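Below is one structure, written out as structure tokens; the observations come after it.
The values are calculated or read from the model by the stated rules, or taken from the named source; none is laboratory data. Because the structure is predicted, anything quoted here is derived from the model rather than measured. Please note: Cβ atoms are built from the backbone with ideal geometry, for glycine as well, and neighbour counts cover all protein chains shown. All accessible areas refer to the heavy atoms of the entire protein, side chains included, with ligands and DNA or RNA removed. Shrake-Rupley method; radii C 1.70, N 1.55, O 1.52, S 1.80 Å.
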Amino acid sequence: MPKPAPRSRPAYRCAECGWETGKWVGRCGECQAWGSVAEAAAPTMRTAAAPVTTQAVPIGQVSVSESAFRSSGVPELDRVLGGGLVPGAAILLAGEPGVGKSTLLLEVAAQTARLRHRTLYVTGEESASQVRLRADRTGGVHDELYLAAETDLGALLTHIEQVRPTLLVVDSVQTIGASGIEGVPGGVTQVKEVAAALIRVAKTRNITTVMVGHVTKDGSIAGPRVLEHLVDVVLHFEGDRNSRFRMVRAMKNRFGPVDEVGCFDLSSDGINAVTDPTGLFVENHHAQVPGTCVAVTMEGRRPLLAEVQALVTVSALERPRRTTSGLDGARMAMVMAVLQQHCGIRLHNQDVFASTVGGAKLSEPAVDLAVAVALASASRGTIPPRGVVAMGEIGLAGELRRVRDLPQRLAEAARLGFQVAVVPAQPASRTPGWAAQRHETRTVDGMRVIEVPDVDTALRLLKLTDGRHAPLRDVSDG
């Protein structure tokens, strides 16, 4: 008697990452998401060979003219995308509510329409009249810009057939629902189906498609992770609610770099590109004051100058306060410990406040030296020399470590008129006699660059601590 065929065990699959298991679990063993594991439908038949849509050809014979970059009309967005919009590309733009995603995309749609490229803007979160009011305010009304308020995928595809746009904007993918697919709009199954249908249309008709995505409480893109794998470009639109400054950052880009950022200014008149954002983060003081220092940080491949301010006061509390705004509190605590241990600056019984100007968020280790200079200046009440920038990562032994892209940082500081830069010593700078002089000076684009090995030497040269080294004269003295 033949043995019965063994029953196939039901397979369970994670809707977030596709991980499979033989039994149901509450938490995915791959991406650690809760409640994302569900029973996968068993295949009912094998897929047979089917007619091909286009014949395979040698790669050298494939034309690239149809995939050439086209400007979006917003230079800062073109910078992030690597040159502009690519026909047939699927772009996902995510950001917190109210950050300005719809305003940015309406500006892109209007600029595309002005170039005589037909654009279709589909909104599922607002009515058509609400979008029209915003377009009137920002000057985005044009005959080539079509507007539709739809939440059904079938109706959206019909609009695409009728309008035949060059650019399609869907705001947002979580509000579009597909009939015949179980789940509510915004659910995992619905988002996957809607995104797959839009991307399929984008590829077959060479339509640049931009989809708006929601974010979760922790800042990640809502919905299944497979959504990020399906699209060609993933952009994050971020900014502080208390500031008009906004940044677009590429997290994934099949057509360009992923280390570029675009800067924007969000106002009641719309959104404008900011080509030189340094002025937003550097305060113009009428007179030199203690407790300030300018750092040079890198946002992608763009150097930005930001001012660090510190205030040190005598504390009446048993445990003095340590308050930061725009800075990493853990790194500031480490810098304070180094100042106390290796530079003789006592802060254990004083309240310390440190912040950045203009709402800048500085998390790069290269700003450690600027934080140390600001703290030392505020603690001693000594004004640092005028026209000085400081950059360098501080180690626990008080040494200064090299930072990346130093030539670009120095060039940007020199362009903005700074005359002295204090940087970590390079290995090639340790010439004979280095141990005796402890620092070396060179000139870059008319700016004096002083290389020092540790934070103690840097503070001594800036006349912020007492020592045996010759102090740095004020730049205004020549």
*Which values of log₁₀ I(q)/I(0), to two decimal places, follow from the Debye formula for region 266-364 at q = 0.17, 0.22 Å⁻¹ with a uniform point scatterer at every Cα?*
-0.87, -1.22
*Give me the number: length gained by fully extending Ala330 to Gln288, i.e. 0.36 nm times residue separation minus the C-alpha to C-alpha distance, one decimal in nm.*
12.3 nm
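Starting with the highest mean, order 263-270, 178-185 by the number of other Cβ atoms within 10 Å, averaged over the residues of each peptide. Don't jump to the answer; show the numbers that get you there.
Working: 263-270: 16.4, 178-185: 12.4.
The peptides rank, most packed first, as 263-270, 178-185.
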*asked:* Take Thr189 and Arg402, extend 7 Å from each Cα along the Cα→Cβ direction, and tell me the distance between the two endpoints in nm.
replied: 5.6
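Can you give me the Rg/Rh ratio for region 52-206, using Cα atoms for both radii and the Kirkwood formula for Rh?
On the way: Rg = 16.3 Å, Rh = 16.6 Å.
Rg divided by Rh gives 0.98.
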*For region 298-350, what is the convex hull volume of its Cα atoms per residue in Å³?*
105
_Per-selection metrics, the chain (Cα): Rg and Dmax in Å_ = 28.2, 104
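What relative contact order, as a whole-number percentage, does region 198-334 give when Cα pairs under 8 Å and 6 or more residues apart are counted?
Numbers: 148 pairs, mean separation 16.0, N = 137.
The value is 12 percent.
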_Give me the percent relative contact order of region 112-227, please, defined on Cα pairs under 8 angstrom at least 6 residues apart._
25
_Normalised per residue, the volume of the convex hull around the Cα set of region 143-190 (Å³)_ = 75
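How high is the FRET efficiency from Arg442 to Asp240, r the C-beta distance, R0 30 Å, rounded to 0.05? Each step should come with its number before you reach the end.
On the way: r = 38 Å, r/R0 = 1.26.
Approximately 0.20, to the nearest 0.05.
How high is the relative contact order of the chain, given as a whole-number percent (alpha carbon pairs under 8 Å, six or more residues apart)? Intermediate values should be presented prior to the final figure.
Working: 969 pairs, mean separation 50.6, N = 478.
Dividing the mean separation by the residue count of the chain yields 11 percent.
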_region 114-177: trypsin sites (Lys or Arg not before Pro) in DSSP loop, at most 10 other beta carbons within 10 Å_ = Arg116
*For Lys217 and Arg137, compute 0.36 nm times the residue count separating them, minus their Cα-Cα distance, and round to one decimal in nm.*
25.7 nm
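Can you tell me the convex hull volume per residue for region 327-467, based on C-alpha atoms, in Å³ to the nearest whole number? Could the numbers behind the result be given before it?
On the way: hull volume 16.4 nm³, N = 141.
Roughly 116 Å³ of hull volume per residue.
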_Largest-first principal axis extents of the Cα set of region 157-308 (Å)_ = 68, 32, 31
*Given only helices, namely DSSP H runs of n ≥ 4 each adding -39500 (n - 2.57), what is the per-residue ellipticity at 222 nm of the chain, to the nearest 500 deg cm²/dmol?*
-7000 deg cm²/dmol
*asked:* Leaving out ligands, DNA and RNA, and with a 1.4 Å probe, what % of the accessible surface on region 155-272 is carbon or sulfur?
replied: 50
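Express in % the proportion of alpha carbon pairs of region 313-392 at distances exceeding 14 Å. Spell out each step's value before the answer.
Details: 2004 of 3160 pairs.
Above the 14 Å cut-off, region 313-392 has 63 percent of its Cα pairs.
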*If one puts a single equal scatterer on every Cα of region 250-320 and applies the Debye formula without solvent, what log₁₀ I(q)/I(0) results at q = 0.16, 0.18, 0.29 Å⁻¹?*
-0.80, -0.89, -1.25
*asked:* Give the list, by residue number, of cysteines in the chain with no other Cys Cβ closer than 4.7 Å, or say none.
replied: Cys263, Cys293, Cys343
*Over the chain, average the accessible area per residue using a 1.4 Å probe and give it in Å², no decimals.*
51
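Under a Cβ-Cβ cut-off of 13 Å, what is the net charge of the residues other than Leu369 that fall near it, where Lys and Arg count +1 and Asp and Glu count -1? Let's see the in-between values first.
Working: positive: Arg331, Arg401, Arg402, Arg409; negative: Glu364, Asp368, Glu393, Glu399, Glu451, Asp454, Asp456.
Cβ neighbours under 13 Å give a net charge of -3.
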*Can you list the equivalent-ellipsoid semi-axes of region 354-417, largest first and in whole Å, using the square root of 5 times each Cα gyration tensor eigenvalue?*
19, 17, 13
*For Lys101, which aspartates and glutamates qualify as cross-link partners when the Cα separation must be under 14 Å and same-chain residues fewer than eight apart are set aside?*
Glu125, Glu126, Asp171, Glu238, Asp240, Asp265
_On a straight-distance basis, which aspartates and glutamates could pair with Lys252 in a cross-link, Cα separation under 14 angstrom, same-chain partners fewer than 8 positions away excluded?_
Glu228, Asp232, Glu260
*Under a cut-off of 17 Å between alpha-carbon atoms, report the lysines in cross-link reach of Lys192, not counting same-chain residues fewer than 8 places apart.*
Lys203
*Can you work out the FRET efficiency for the pair Gln419 and Arg301, with r the C-beta to C-beta distance and R0 = 22 Å, to the nearest 0.05?*
0.30
*Sorted by mean Cβ packing within 10 Å, highest first, what order do the peptides 296-305, 342-351 take?*
296-305, 342-351
